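Here is the structure we will look at, set down as structure tokens.
Readers should treat all values here as calculations from the given coordinates under stated rules, not as data from a laboratory. Predicted, not measured: the structure shown is a model, and the values here were computed from it. Methodologically, a virtual Cβ is constructed for each residue, glycine included, from the backbone with ideal geometry; neighbour enumeration extends over all protein chains shown.
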């Protein structure tokens, strides 16, 4: 039995923002996966004799593990600075359990 | 007499005060923080919230550090580098899968988790499940599986810690275990969550310093990165490939770690509980960035030590001994003591968070919900809750401590299932409970019991499925069960929907 229709339930606007932010973190994780996979297996699958090197490390390793770490730390910073919103987390005053008053 | 010089070389660390002194200074600091937390606790108005979640007061720095410290355990400092020693750079590639752990746990559970937890005054993970599913069976199954897995995992961590202590200081296993366990149990019991989070923050810093010093020492002794990589290639060219010797790190295998140590981590109760323990949204933002940097640095640094260690000490047969061996070879005694504090810190910070949550589960989820629902509501009963909480923490700690002297086979066996088993039990009930209105008690219960049961079955009888770790099919089964049972049964009550979605 469907008792709750979308129109009747007033959604907390903070949840819309929170949902969007949760989605951003998932997208960032998938981007990191792509970076990690493509650099490691794109460059690392050739025979060892043909490896190139960056700063003494094999290129695949430098790009996937060292550069990936730095790039995605910076992306995480950009994500929270530009995409995340500050919001109060507390329950509104006088609303003991977060339920609607006329309940 | 012939072996005299050798014996001396073996023994220079034996109770060498230069190694042990930094360790004791560090332990003293930990006790200080416990007493500070205990003073905060004695002034608080809401005992349960302060003792079990630190009154949700964690700032960004402490949040990031406690999240990372809780997450990095004995395996990151001893087991992982030990495998990297044998597998080379490919194992570091595997370890770096953990980089998104901080932003994923904080981000996916997200601010919604923190807001809802405040609405219902949640202190434990099962508090969330209790309000969301309104089901005695879900909470009891959740509480019991949490306790069983935590106890097994804590025993395993104690054993790892005591062995490491033995290996580096030369003191006996039992001495190490006593010093180490007594410290953890005391500071957790008297200080509660605040002490756990504060000591975690210090422990996180100690881990960073230790990792940095060891890595620098290794690169210096090995004559620079290029030289070390050349040495590794000479030992076995496969050590510098993503695949490892004999193609051990196959692609299905490494890809399944994206589930086991990255996405699945969202479901670990002791990290999830931190995701509603922070003060405000700014703390969370800062912790996402800082946590990512710290996790990345520790994983990269520790595993690189293990892999490069092969070029410095090429002839070890047991990989687990590489870290103690490197510490003794590379670092001066004072630094060895500081470094030893690093892995011990990793271990303590995992045990303390499991200990406080285990205690919270017994007091809050089982005792106050089902055994004595009236307790704590009346003013004169609150001191009973205080005593009960202290004693529960201490007794769980002592049980784990006692089990570590002569670990029962059953506990060692259960620990094999702890990490994945917790994900099987908690990942979907938490995530779907937050984001899917249709999620209900029948679905959650089917998913938790079916998930845990199939994980045990798969680990024992199947081991690897098409080259993948069995956590992948387990979480799929748990998801399907959740969906089928939720759709087939009634939707949750209006009241639940209002708390989790409404204004």
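On C-alpha positions alone, give me the angle between the axis of helix B:281-312 and the longest principal axis of chain B, in degrees, nearest 10. Once rounded, the angle reads 30 degrees.
As a proxy for reagent exposure, ranking A:51, B:51, B:71 by other Cβ atoms within 10 Å from fewest up yields A:51, B:71, B:51. Within 10 Å of the Cβ of each residue in B:486-495, the mean number of Cβ atoms contributed by other protein chains is 2. Helix B:382-405 axis versus longest C-alpha principal axis of chain B: approximately 40°, rounded to the nearest ten. The three principal axes of the Cα atoms in the protein assembly as shown give end-to-end lengths of 85, 53, 47 Å, sorted in falling order.
Calculated translational diffusion coefficient of chain B (37 °C, 0.692 mPa s; Stokes-Einstein with Kirkwood radius over alpha-carbon pairs) equals 141 µm²/s.
Helix content alone sets the calculated 222 nm mean residue ellipticity of the protein assembly as shown: runs of n ≥ 4 DSSP H residues at -39500 (n - 2.57) each, divided across all residues, give -22500 deg cm²/dmol. Of the three principal axes defined by the Cα atoms of the stretch B:396-503, the extents in descending order read 52, 40, 19 Å.
Taking the longest Cα principal axis of chain B as reference, the axis of helix B:173-221 is set at about 40 degrees. The three principal axes of the Cα atoms in the stretch B:116-232 give end-to-end lengths of 62, 36, 26 Å, sorted in falling order. Note that the stretch A:34-85 shows a convex hull volume over its alpha carbon atoms of 62 Å³ per residue.
The mean count of C-beta atoms from other chains within 10 Å of the C-beta of residues in A:72-79, rounded to a whole number, is 6.
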